[in-house]
Amino acid sequence: MNKYLKESLLWLMMLLPMVYLANVWNVLPEQVPTHFGFDGKANDWSSKKSLIYLIPGLQFSIYLLMLLIPAIDPKKKIEQMGDKYFNFRLILTIFLSLLSTYIVYASKVGNIKNPNLLFALIGVMFAMLGNYFQTLRPNYFIGIRTPWTLENENVWKSTHRLGGKIWMIGGIIIAILSFNITDNQMFSIIFSTTLFILAVIPIFYSYWAFKNDKKI
């Protein structure tokens, strides 16, 4: 797939939520929910006109940032990644497109009738990123960038192999449990704890691997 087809695919994904927003615009209430609790009930509202800025702004700001990163990369590591960098952009674009579509839908119905779908989506994203991390080369912008992974390529590789597996497992657990735990308070604790584990273990491991300087 050439460069223009790839970018067209990303644009198509970004346009889908805006097409959906235009289609349901006339039936949206003047005040739409903009924040929800773990129980799916709205707890903050704004004018529906805010969606005009929120939906495209959320997606295109990330899109433009992703285009800028290779240009400011001092060692051009991102360019050397080739299709792997596009795959990362594609994962983010799909996630943001689905999230934006879900936001519009929630604004239409006034609440999140099934918050499990949102958490399952987050879990799937973590699992996809975990799989992606295991093939990621050292760079300054994407991945588990600690002082120790950036200093030592072996530490980078071993940390991303471990971190990638943990993210995949954690993402799958979040996706599965989101449909099996009905207690919102319990799920919020499990969700927060899982995110904490996904963030902390790779950081501590990268420090340990650097100190031991093992070629894992």
Within the stretch 174-190, is there a residue that is within 23 Å of Glu79 (Cα to Cα) and not charged (D, E, K, R)? no
Starting from residues that are of a type in the set (Lys, Arg) and modelled with pLDDT of 80 or more, keep the ones in the stretch 4-57 and report whichever is nearest to Ile94 (Cα to Cα). Lys6
Going by the structure shown, is Ile181 in a loop (DSSP other than H, G, I, E, B), farther than 25 Å from Asp83 by Cα and open to solvent by less than 50 Å² (accessible area, probe 1.4 Å)? yes
Residue match in the stretch 149-161 (condition: part of a loop (DSSP other than H, G, I, E, B) and over 20 Å from Lys76 (Cα atoms)): no
Name every residue in the stretch 127-148 that is open to solvent by 20 Å² or more (accessible area, probe 1.4 Å) and under 15 Å from Met81 (Cβ atoms), in order of residue number. Gln134, Thr135, Arg137, Pro138, Tyr140, Phe141, Gly143, Arg145
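The values are calculated or read from the model by the stated rules, or taken from the named source; none is laboratory data. Here the structure is a predicted model, which means the values were calculated and not measured. Cβ atoms come from the backbone with ideal geometry, glycine included; neighbour counts cover every protein chain shown. All accessible areas refer to the heavy atoms of the entire protein, side chains included, with ligands and DNA or RNA removed. Shrake-Rupley method; radii C 1.70, N 1.55, O 1.52, S 1.80 Å.
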